[in-house]
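*Asks:* The structure follows.
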Amino acid sequence: MTRRNAQAFVTPPEKRAALKLQDGRQLAWSEWGPADGIPVLFCTGAGMSSWLGFGAGDLASLNLRLICIDRPGLGSSDPHARKTLSSWADDVEAFIHANALGPVLAVGFSQGSVFALALAWRGLVDAIAIVSGQDELTHPSFQSLLHPDVAVMVTAAQQDPMGFEQRFAQMATADGLWQLIMGMSAPCDRQLYESDAFGAAYRQALQEGFAQGS
């Protein structure tokens, strides 16, 4: 993606709303595209709110309605004290029923891949697409492929889970995650991240994602 077409590819949400769940929590979302289009649930990457959608300029012609939900504790969605992949599927099932959606598709980006797979496992979506999905980084076949910084983090998490969580929480901020990603990205990716259109939208999503803390 070039700097020029990034402007049309990434646009602010056309609608932002929230649903009150049965347990009293708020589940917030953003959306783009025609209201009667085929719903596509976008599961964002680590620390991101629902601000960052994609393909806005093509949604109308494809009759797609892109919906991005703030996962519990991110953006404007209330935290869930015992959050699991199963509770995430429960929340999305409530969202689908409340909005009378169907059939539903999903896209999982990076860390969002496991959340999209959870929806497929529950049978809530008809199909999913995984984009640059985060895999099980402790698997032996990945050891030689990991960026050195990632390899160090994986080893630390295995050897001292509690200590690693405490240390990581200290840098788990919008700026901290931005610096981590910039430091591990290839030059071609950094060019996009640092572009005026995409970079601003991505940093907005991170700022909102960490608005309630780490």
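The values are calculated or read from the model by the stated rules, or taken from the named source; none is laboratory data. Keep in mind the model is a prediction, meaning the values are calculated, not measured. FYI the Cβ positions are ideal-geometry reconstructions off the backbone, even for glycines, and counts take in every protein chain you see. Quick note on the areas: whole protein, heavy atoms, side chains included, nothing else; ligands and nucleic acids left out. Shrake-Rupley method; radii C 1.70, N 1.55, O 1.52, S 1.80 Å.
*Asks:* Please find, among Asp90, Asp70, Asp36, the residue that is of a type in the set (Asp, Glu), open to solvent by less than 50 Å² (accessible area, probe 1.4 Å) and out of contact with any Lys or Arg (no Cβ under 7 Å at 6 or more places or on another chain).
*Replies:* Only one candidate qualifies: Asp70.
*Asks:* Select from the stretch 104-124 the residues that are touching a residue at least 60 places away in the same chain (Cβ under 8 Å), part of a loop (DSSP other than H, G, I, E, B) and more than 21 Å from Ala17 (Cβ to Cβ) and write down the one among them that is most open to solvent (accessible area, probe 1.4 Å).
*Replies:* Only one residue tops the list, namely Gln111.
*Asks:* Residue under question is Gln134, and the condition is that it be modelled with pLDDT under 95, open to solvent by less than 80 Å² (accessible area, probe 1.4 Å) and polar (S, T, N, Q); does it hold?
*Replies:* The answer is no for Gln134.
*Asks:* Moving on. Identify, from the list Ala127, Ala94, Ala98, the residue that is without any contact (Cβ under 8 Å) to a residue 60 or more places away in the chain and over 30 Å from Ala151 (Cα atoms).
*Replies:* Matching residue, one of Ala127, Ala94, Ala98: Ala127.
*Asks:* So which residues in the stretch 168-214 are in a loop (DSSP other than H, G, I, E, B), more than 19 Å from Arg71 (Cβ to Cβ) and out of contact with any Lys or Arg (no Cβ under 9 Å at 6 or more places or on another chain)? Break it down stepwise before answering.
*Replies:* Let us first name the residues in the stretch 168-214 that are in a loop (DSSP other than H, G, I, E, B), namely 172-173, 185-186, 194-195, 210-214.
Applying the additional criterion that residues be more than 19 Å from Arg71 (Cβ to Cβ) yields 185-186, 194-195.
If the condition is that a residue be in a loop (DSSP other than H, G, I, E, B), more than 19 Å from Arg71 (Cβ to Cβ) and out of contact with any Lys or Arg (no Cβ under 9 Å at 6 or more places or on another chain), then Ser185, Ala186, Glu194 are the ones that fit.
*Asks:* Would it be correct to say that Phe164 is open to solvent by less than 60 Å² (accessible area, probe 1.4 Å), in a helix (DSSP H, G or I) and modelled with pLDDT of 90 or more?
*Replies:* Judged against the criteria, Phe164 is a match.
*Asks:* Given the options Gly75, Gly53, Gly57, Gly37, name the one that is modelled with pLDDT under 95 and more than 20 Å from Ser132 (Cα to Cα).
*Replies:* Checking each option against the conditions leaves just Gly57.
*Asks:* Identify the residue in the stretch 93-103 that is part of a loop (DSSP other than H, G, I, E, B) and under 17 Å from Leu27 (Cβ atoms) and, among all such residues, is most open to solvent (accessible area, probe 1.4 Å).
*Replies:* Among those that are part of a loop (DSSP other than H, G, I, E, B) and under 17 Å from Leu27 (Cβ atoms), it is Ala100.
*Asks:* Given the options Gly37, Gly73, name the one that is out of contact with any helix residue (DSSP H, G or I) (no Cβ under 6 Å at 6 or more places or on another chain), touching a residue at least 12 places away in the same chain (Cβ under 8 Å) and more than 18 Å from Ser214 (Cα to Cα).
*Replies:* Gly37
*Asks:* So the check is Cβ under 7 Å with 6+ separation or different chains; which pairs have a first residue in the stretch 168-179 that's touching a residue at least 24 places away in the same chain (Cβ under 8 Å) and a second one that's of a type outside the set (Lys, Arg) and open to solvent by 70 Å² or more (accessible area, probe 1.4 Å)?
*Replies:* What qualifies is Ala169/Ser214; Ala172/Ser214; Thr173/Ser214; Ala174/Gln207.
*Asks:* Moving on to the next point. Of all residues being open to solvent by 10 Å² or more (accessible area, probe 1.4 Å), touching a Gly at 6+ places or on another chain (Cβ under 7 Å) and not in a helix (DSSP H, G or I) in the stretch 48-64, which is nearest to Ala17 (Cα to Cα)? Just the residue, please.
*Replies:* Among them, the one singled out is Leu64.
*Asks:* Among Gln143, Gln134, which is the only one that is over 15 Å from the mean Cα position of the chain (by Cα) and either assigned to a helix (DSSP H, G or I) or within 21 Å of Leu74 (Cβ to Cβ) (or both)? Spell out the reasoning first.
*Replies:* Numbers: Gln134 fails: over 15 Å from the mean Cα position of the chain (by Cα).
On inspection, the qualifying residue turns out to be Gln143.
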